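Report on one structure; see the data block that follows.
The values are calculated or read from the model by the stated rules, or taken from the named source; none is laboratory data. Because the structure is a prediction, the values reported are computed rather than measured. Don't worry about glycine lacking a Cβ; one is built from the backbone with ideal geometry, like all the others, and counts go over all protein chains shown. Just the protein is used for accessible areas: all its heavy atoms, side chains included, with ligands, DNA and RNA removed. Shrake-Rupley method; radii C 1.70, N 1.55, O 1.52, S 1.80 Å.
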Amino acid sequence: MNKFKKSVLTFLSLHIVLLLLCVVAVYEMAFKFDPLHLYKPVGDLNTETFSFDSRLQNAGYIRNFDFDSVIIGNSHMENVAHSQVEKIMGGKWFNLSMQGSSNNERKLILDDVFRRKNIKNVILQLNVTLYSNSTAGYEILYDDNKYNDVGIYFNSMYTKCFASWVIGAEADPSCVGTNLDIDTHNAWIKDPTYAHRFNGMASWAQYYDDWQIINTYKLMQKLYDSPVKELAKLSPGIKKDVRNDFRKNIASLVEAHPETTFYCYAQPLFKMTYALLIRENSNNPIEIYLEYLKVASEYASKHSNFKFFGFDNIPFTSDVKTYKDDSHFSPDRNYEVINYIKNNEYRLDATNVNTYIDEFIKSIKDYDLKSFKEEWFNLIEKNKENQNQ
């Protein structure tokens, strides 16, 4: 009997010790290691580190920085500096944009922002495609349970980094982060790979085989002299999906926060992109885009705190010097757009959206693809000849 009791006590003691070690490890991980600053306050910005993964790091930004207004979109908005928006719009801004993000992801982030802060303004990008990214890997950071957040560190990447941190070894910056300029913490324009591509047709010719341009090059080869295809009507099912997406991820926020002004717009792509699309066999992306414009414009007519803008027909959308690929324009155009928002220009609502759409469709039908293709492909060939000399 004594031997049995001893075994039981030994068993319990070991498990208590292991449990205590786990508690200590979790405490150390959450309150001392904590590379995302979920629990640990941000220190000296000259030395503090932050993750490039905005989907994770935004949780720490929201908790540690003081702001009353938010910019949130995809990579199209990542170059926007807080300080520049403050000069244009007033207020105290923070950019929470996430590369490749969808409407539902922004909704998740904004719900958390509104739980924690009094927000006066939101510059919100409207995604105009019917896809939703999964939030399963990081949604625990943005719920109303602060205790489960540490669970984000229970994976192979962070546990390896934690082990390195414990023994004082150098850890991988991909998980412990790096020192960033918070004003432009997620700006890709700092990368020369992207910054060098804003040199008009010369850049498009030099980098034609880049992964962000090569598909446009192939489409141009195939479609530059193809006839325009007439737009078809969307099915009732797709129209319903568009309205449901807008209702769930945009309208619900606007109506839950009448004290906040939402400035919303869809990313204005390079006009040539749509000119190619309307010559393909299926124009479904354009038709879905136009449906989103109609839904958002109609909604803007009914809600004073939702201001919707359309920038597809302004001159820079036809200027190759503005774009590094078919969708991403230079930071100066970001601020041009924000100035339009400040000055209440290019607003859309139920009274003018159809005229706007008619002008847009005409412009992509009339776009001179042949001339663009000739200049672009001639420069490509000249570059190849120079390289072979």
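Remarks
- For the pair ASN352 and LYS248, label points projected 7 Å from Cα toward Cβ lie 3.2 nm apart.
- With the convex hull of the Cα atoms taken as the outline of the chain, the averaged projected area works out to 26.7 nm².
- Relative contact order (%) - criterion: Cα under 8 Å, at least six apart; region: region 256-360: 39 percent
- Among 230-239, 185-194, sorting by the average number of other beta carbon atoms lying within 10 angstrom of each residue, highest first, gives 185-194, 230-239.
- Segment SER226-GLU381, extension gain: residue separation times 0.36 nm, minus the distance between their alpha carbons: 53.5 nm
- Folded to 0 to 90 degrees: helix 103-116 orientation relative to the chain principal axis, Cα: 50 degrees
- Portion, in percent, of the accessible area of region 316-389 that falls on carbon or sulfur, probe 1.4 Å: 42 percent
- Helix-derived mean residue ellipticity, 222 nm - over the chain, DSSP H n ≥ 4, -39500 (n - 2.57), to 500: -14500 deg cm²/dmol
- Residues of region 272-296 with amide N under 18 Å of the 7 Å Cα→Cβ point at LYS218: 273-274, 276-282
- Estimated FRET transfer efficiency (HIS303, ILE189; beta-carbon r; R0 45 Å; 0.05): 0.85
- When the solvent-accessible area of region 145-265 is split by element, carbon and sulfur atoms take up 54 percent of it, the probe being 1.4 Å.
- Neighbour cut-off at most 13 other Cβ (10 Å), DSSP loop, GluC sites (Glu not before Pro), region 237-305: GLU259
- Counting all C-alpha pairs of region 229-276, share separated by more than 18 Å (%): 57 percent
- The mean sequence separation of alpha-carbon pairs under 8 Å and at least six residues apart, normalised by the residue count of the chain, gives a relative contact order of 19 percent.
- Heavy-atom accessible surface of the chain, averaged per residue, reaches 49 Å², computed with a 1.4 Å probe.
- When peptides 195-204, 44-53, 97-106 are ranked by their average number of other Cβ atoms within 10 Å per residue, the highest-first order is 97-106, 195-204, 44-53.
- Region 76-105 and region 292-313: distance between their alpha carbon centers, rounded to Å: 19 Å
- Between the helical axis of 236-246 and the longest alpha-carbon principal axis of the chain there is an angle of about 50 degrees.
- Database remark: amide H of LEU348 closer than 5 angstrom to the amide H of PHE308, PHE309, GLY310 (H placed geometrically; neighbours at sequence offset of 5 or more, or on other chains; Pro and chain starts carry no H).
- Stretching the chain fully between LYS240 and THR47 yields a gain of 64.5 nm (0.36 nm per residue, less the alpha carbon separation).
- The alpha-carbon of LYS120 sits under 28 angstrom from the alpha-carbons of these lysines, leaving out residues fewer than 8 places away in its chain: LYS40, LYS87, LYS92, LYS107, LYS146, LYS248, LYS294, LYS302, LYS307, LYS342.
- Placing a label point 7 Å from the Cα of HIS196 along the Cα-to-Cβ direction, the residues of region 211-242 with a backbone N closer than 19 Å are 211-214.
- Residues TRP211 and GLU280, FRET efficiency given R0 of 22 Å [Cβ-Cβ distance, rounded to 0.05]: 0.60
- Taking the C-alpha atoms only, the angle from helix 214-223 to the longest principal axis of the chain is near 30 degrees.
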